[in-house]
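The values are calculated or read from the model by the stated rules, or taken from the named source; none is laboratory data. Owing to the predicted nature of the structure, the values given are computational and were not obtained by experimental measurement. Neighbour counts run over all protein chains shown; Cβ positions are idealised from the backbone, glycine included. Note: areas computed on protein heavy atoms with side chains; ligands, DNA, RNA excluded. Shrake-Rupley method; radii C 1.70, N 1.55, O 1.52, S 1.80 Å.
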Amino acid sequence: MDYDAIVIGGGHAGIEAALALAKMGCATLMITQSLDAIGRLSCNPAIGGLSKGNLVREIDALGGEMGHLIDKTMIQFRILNRHRGPAVQAPRAQADKFSYHRFAKETLECQSKLSLFQDTVVDILLEQDGSTICGVITERGHHISAHAIVLTTGTFMEAKIFIGEYDAPSGRLGEPAAVGLGTALREKGFTVGRLKTGTPARVKKSSLDFDAMLIQNGDLPLLPFSFDYDTVNRPSMDCYITWTNEETHKIIRENIHRSPLYGGKIVGTGPRYCPSIEDKVVRFAERDRHQIFVEPEGVGTEEMYLNGLSSSLPEDVQSAFIHSIRGLEHAQVMRPAYAVEYDYLDPMQLHLSLETKQIKRLFIAGQTNGTSGYEEAACQGLIAGINAALSLRNEPPLVLSRTEAYTGVLIDDLVTKGTKEPYRMFTSRAEYRLNLRHDTADQRLTPKGYSVGLQPEETMNRLKEKLEKIEAVKELLVSSKIDGKSCIDLLRKPEIVINDMLDDIPQLHEYDEAIRYQVNLDVKYEGYIRRQDRQVDRFVRMEKILIPDTFDYDALDGLSTEAREKLKKVRPSSVGQAGRISGVRTGDVAILMLALRRRGRSTPDES
Amino acid sequence: MEDRLYDTKDIIYALATPWGSAALAIIRISGEHSIELLSSVFSRPRALCDADSHTLVHGFLVDPENKQHVDEVVVSVFRDKRGYTGEESAEITLHGSLVVVREALQLLGRIGMRSASPGEFSFRAFMHGRIDLTQAEAIHEIISARTSVGKAMAMNKLEGALFDRIEELKQRVLKVVSSVEVQLDYAEDEIGGDIEFPFEEVTFIHKRLDELAYSYKIGRLYAKGAKIVIAGSTNAGKSTLFNLMLRQERSIVSDIHGTTRDFIEAELSIAGIPVLLYDTAGFREASSDSVEVEGMHRTGRLLDQADVILLMLDGTDAQRAKATSSTLIQDSRCIVVWNKTDKALSLEIPEGSIAISAKTGFGMDTLLNEIAKRLLNDTTTTGQDQIVIESQRQYDALTRASAALKKAFEFAEDEVPLDIIAIELDEALDALGSLTGDVASEEILEQIFSGFCVGK
């Protein structure tokens, strides 16, 4: 074999997969269509956000790279939802796109056991048995062998971009699609679907009138996403806000027939949570204006990103509606907005480890699985990389539960329910989100990263130290009294925060703000978390009733036809997962449990 | 949440005998440590805990809060692997009065037992190998007839109008949930600031839920007793009927008190329903007696509160009877009773009226049946709301939803963070979902995307 593992694609999923594999000791090759596009932020110049920020911190806690990359390249930082509740707060940062790419590439280049190669994969190679991966074929005719493959092709498989009447086989504007691989996978029996996404225009900074816009500053100080250090030293740049108006909407309405979306040229489903401007104007006709964010693409570039104006209308229409917006009257368009339609693989064909059910040691991660977003892609890439490495060691895969990580929720949702539109993470998808605060990601996941060999001893020590400090502060609160009342009880009151007690308990000053912040939340949310615990217990027990991969659903009497088909397709690993499949009803799960119980009884060594 | 069904860790209880008055009733409980938990509300906890399998223990169910005896009972003890379910379990045999049964069930709920889902005892029996697996199909049907997963099935369970009403309220809660969730899923700058908490809407829903819960007629009647007022002109035979009803029903609980000029009150039970029966001062054309005038006032107030009014008319003097009582006859709560039919042989009884002779006892069965029918059909409520809920489970779910909404309202008033308010709203949605079908997170997102223009 040429390599232990090959990672196809150098996007956010590919980066995490390749680094995880190499760090876990596998000789790894990353094949990408363009080395200059590694870690490219194809759409908005920002990382994080609600639940996405949590994903970044989870990636970091496990030993992934995304947190470090954004910490090194951020040009604005904010904590979102400060007033709406700590459980759903999250960090978001604007990124310098060019340095983000450069740091990503440099990190890969410096990683031992990892090689980079520019080519396009057009097919995969299978062993004689037809069900184990053994390599890839590239466009330039290379046959490269490996024991495991992680496929992270993003939006590039059979991709096509649309700008009004114009269309071209590209994954990003000016970059050719990866043609051939999607067809090859179809031929091998994979179910492939079409999705659509889009990106807005970029305009020249010096052509804009910022005085006519609202300025949006970042928070200070800038805080790191990574748990590995406490501060970041980066510049903070401003973003700007402006609004569309009746004139903008009129231009869009009058030209809507020229949109490939309304003309039926695009068949893929787009994301409802991130609609194009024409979608917003049509669907929310009563709104007289929509908010537009004008965001810098980086330091040392004139390009500005028009967040909120994604579109697939022709370029003359785009220019017209952009120029109708206050502050953008003389905007010089540098890149037009466009829609992209691409192949994705139905994620129900995957195990929770992200390995395909059909082909052994073929893992798929990222936008190829029907997700959207850098963070969603990266967390899958990391899990796929870890599990590819574990499979090479013949160790059981790392599967995160819905109760311990947004990453777990995301993968479970994809694999169990599939997706019909680009899947984005939302806090409301997590039933136990109180347990998934971004500031506790290290407690939840770093030990797991350490146990698979991704996190070094120092990180574990750092975590241990942090936990000791948290315990110490809690003990301090238990033993301290203000006006005869226990401080821990006082802190449970909604109107009191820990920093109110600094004068009365001067020892609190010895601890960092981050530690105090966490104790504050731990104490305040304790009651609610305990209330969830019973549900979590029940959930975990159901997850622990495992279903053997070879389980014969056809031999099981009493299942509804729909349930039988779905169960055979998803092949859930546990009764808990089975219960989340749409179309599987309570009665079906009951029967399944009975059958498993009978099986357990007849072969006692199994249970 | 549907998962509960499969969770054999919970201790579950259910009434094993039909819901109705009978000499005895049996409540079945099952689950690990169920006997120990039961002993916490048993007058002889030690005796119960030490009892061998397949033995009987006599004692009282005791409300731990006020130390009152709920009922004298016999508990059949089944140790681990030996009960119907194959788990530690017990059967409590108690007196079959619905008031007692209801209190006992509530007591078990209060100490942390869970009301069993349909088919759950059988499910556990299967799980523990007590019943042959070939019956799996049967259990599938039983369980699927329950709510949530299959909405179509839920409709079989809930009467159409009631299903619609609860579903409508659930959709309204869903909208409230989405107005909170959208702020948890999108940052301040993405949705243009905060969305105000829909206080009015939450109050509206919570009131509707309370009304529905209140319509749980059996629960209400058993909790408070039905009020039946005998009214009519003087000398129509009201007191004779009153005494006759008390005599025919052996379950008189209290003594008669009051005076005839005021009213007389007695407790009895009709068809197992506790009843407060009132004999009132008779109607009479303009009276100058001030005591009697006051008596008439009180009669008026009693009539306002009555669940059923027995309007007594003197069959021997039909003309006067009709003249004095014309307004009451219109009242839908009214049962028109023509008395003295033994004397008024030529009297023609209008349709819908009942003829009796309080003196001979003629027609009493018909009258008592009619009263029971009225009470159980709830035609007696004065409200416009004709929809009534039918089971303890529905009642529990509605009150759970209502309580959660109230809590969410209070939290919002106190400016508690939205992520906590969301927990209460989810609880309300979950409770209503247990009746008309669970709400998946996808539906919440759907509501968000269709209701709010989101995204940068």
Report summary line: Only one of A:ALA46, A:ALA61 is closer than 21 Å to A:VAL452 by Cβ, crowded, with 22+ Cβ neighbours inside 10 Å and of a type in the set (A, V, I, L, M), namely A:ALA61
Query - Of residues in the range A:478-492 being in contact with a strand residue (DSSP E or B) (Cβ under 8 Å, 6 or more places away or on another chain) and open to solvent by less than 40 Å² (accessible area, probe 1.4 Å), the one nearest to A:ARG530 (Cα to Cα) - result: A:LEU490
Report task. Could you please find all residues in the range A:406-458 being surrounded by fewer than 20 Cβ atoms within 10 Å (Cβ to Cβ), closer than 23 Å to A:LEU223 by Cα and touching a Gly at 6+ places or on another chain (Cβ under 9 Å)? Result -> A:PRO456
Requested in this report: Taking the options B:TYR84, B:TYR6, name whichever one is away from chain A (no Cβ under 14 Å), within 27 Å of A:LEU592 (Cα to Cα) and modelled with pLDDT under 90.
Outcome: B:TYR84
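Residue by residue, here is whether (1) within 14 Å of chain B (Cβ to nearest Cβ); (2) surrounded by fewer than 17 Cβ atoms within 10 Å (Cβ to Cβ) holds:
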{"position": "A:GLY198", "(1), (2)": "yes, no"}
{"position": "A:VAL232", "(1), (2)": "no, no"}
{"position": "A:PRO235", "(1), (2)": "no, yes"}
{"position": "A:ILE241", "(1), (2)": "yes, no"}
{"position": "A:HIS257", "(1), (2)": "no, yes"}
{"position": "A:PRO260", "(1), (2)": "no, no"}
Requested in this report: Could you run through the range A:387-439 and say how many residues are more than 27 Å from A:VAL519 (Cα to Cα) and of a type in the set (Ser, Thr, Tyr)?
Outcome: 4
Report summary line: When the range A:271-293 is checked residue by residue, the ones that are of a type outside the set (Lys, Arg), touching a Phe, Trp or Tyr at 6+ places or on another chain (Cβ under 8 Å) and within 11 Å of chain B (Cβ to nearest Cβ) are A:TYR273, A:ILE277, A:HIS290, A:GLN291, A:ILE292, A:PHE293
Query - Residue pairs meeting the criteria (Cβ under 6 Å; at least 6 apart or on separate chains; first facing another protein chain (nearest Cβ under 8 Å) and part of a helix (DSSP H, G or I), in the range B:418-444; second open to solvent by less than 20 Å² (accessible area, probe 1.4 Å) and among the polar types (S, T, N, Q)) - result: B:LEU418/B:GLN183; B:SER441/A:SER428; B:ILE444/A:SER428; B:ILE444/B:SER178
Report task. Check whether at least one residue in the range A:542-552 is open to solvent by less than 50 Å² (accessible area, probe 1.4 Å) and modelled with pLDDT under 90, and report yes or no. Result -> yes
Report summary line: Those residues of the range A:239-267 which are of a type outside the set (Gly, Ala, Ser), at pLDDT below 95 and part of a loop (DSSP other than H, G, I, E, B) amount to A:PRO260, A:LEU261, A:TYR262, A:LYS265, A:ILE266, A:VAL267
Report summary line: Only one of A:GLY67, A:GLY63, A:GLY53 is away from chain B (no Cβ under 14 Å) and closer than 24 Å to A:PRO296 by Cα, namely A:GLY67
Report summary line: When restricted to A:ILE266, A:ILE256, A:ILE277, the only residue of a type in the set (Val, Ile, Thr), more than 28 Å from the chain's Cα centre (by Cα) and under 26 Å from A:ALA168 (Cα atoms) is A:ILE256
Query raised in the report: Within the range B:177-185, is there a residue that is at pLDDT below 75, assigned by TED's automatic domain parsing to the domain that holds B:ALA422, more than 31 Å from the chain's Cα centre (by Cα) and closer than 30 Å to A:LEU55 by Cα?
Result: no
Query raised in the report: When residues of the range B:396-407 are filtered for being open to solvent by less than 30 Å² (accessible area, probe 1.4 Å) and more than 13 Å from chain A (Cβ to nearest Cβ), how many remain?
Result: 5
Report summary line: Requiring at least 2 residues that are surrounded by fewer than 19 Cβ atoms within 10 Å (Cβ to Cβ) and touching a Lys or Arg at 6+ places or on another chain (Cβ under 6 Å), the strands (runs of 3 or more DSSP E) wholly within the range B:10-124 are none
Requested in this report: Please verify whether the range B:128-143 includes one or more residues that are more than 8 Å from every other protein chain (Cβ to nearest Cβ), farther than 23 Å from A:VAL584 by Cα and either open to solvent by less than 40 Å² (accessible area, probe 1.4 Å) or modelled with pLDDT of 90 or more (or both).
Outcome: yes
Query raised in the report: Residues A:VAL589, A:VAL519: which one is within 11 Å of chain B (Cβ to nearest Cβ) and buried (at least 16 other Cβ atoms within 10 Å of the Cβ)?
Result: A:VAL589
**Report entry** strands (runs of 3 or more DSSP E) (entirely within the range A:1-89) containing at least 2 residues that are over 20 Å from A:THR407 (Cβ atoms)
**Finding:** A:3-8, A:28-32, A:74-80
**Report entry** Pairs with Cβ under 9 Å, 6+ apart, first in the range A:533-555 and assigned to a helix (DSSP H, G or I), second among the hydrophobic types (A, V, I, L, M, F, W, C) and open to solvent by 60 Å² or more (accessible area, probe 1.4 Å)
**Finding:** A:GLN535/B:MET1; A:ARG538/B:MET1
Query raised in the report: Only one of (1) at pLDDT below 95; (2) in contact with a Pro (Cβ under 6 Å, 6 or more places away or on another chain) fails for A:LEU222. Which number is that?
Result: (2)
Report task. List every residue pair whose Cβ atoms lie under 7 Å apart, where the two residues are 6 or more positions apart in sequence or sit on different chains, the first residue falls within the range A:454-469 and is among the hydrophobic types (A, V, I, L, M, F, W, C), and the second residue, located anywhere, is surrounded by 14 or more Cβ atoms within 10 Å (Cβ to Cβ) and assigned to a loop (DSSP other than H, G, I, E, B). Result -> A:LEU454/A:MET24; A:LEU454/A:GLY63
Query raised in the report: When the range A:397-438 is examined, which residues are found to be more than 14 Å from chain B (Cβ to nearest Cβ) and either among the acidic types (Asp, Glu) or not in a loop (DSSP other than H, G, I, E, B) (or both)?
Result: A:GLU404, A:THR407, A:GLY408, A:ILE411, A:VAL415
Query raised in the report: Within the group A:VAL232, A:VAL203, which residue is in contact with a helix residue (DSSP H, G or I) (Cβ under 6 Å, 6 or more places away or on another chain) and touching a residue at least 40 places away in the same chain (Cβ under 8 Å)?
Result: A:VAL232
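Would you list the strands (runs of 3 or more DSSP E) that sit entirely within the range A:281-396 and hold 1 or more residues that are open to solvent by less than 10 Å² (accessible area, probe 1.4 Å)?
So the answer is A:291-296, A:303-307, A:338-345, A:362-364.
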Query raised in the report: Within the bounds of the range B:376-383, is there any residue that is buried (at least 19 other Cβ atoms within 10 Å of the Cβ) and either modelled with pLDDT of 85 or more or of a type in the set (Lys, Arg) (or both)?
Result: no
Query raised in the report: Could you say which residue among A:SER560, A:SER573 is at pLDDT 85 or above and polar (S, T, N, Q)?
Result: A:SER573
Report task. State the number of residues belonging to the range A:493-506 that are open to solvent by 80 Å² or more (accessible area, probe 1.4 Å) and not in a loop (DSSP other than H, G, I, E, B). Result -> 1
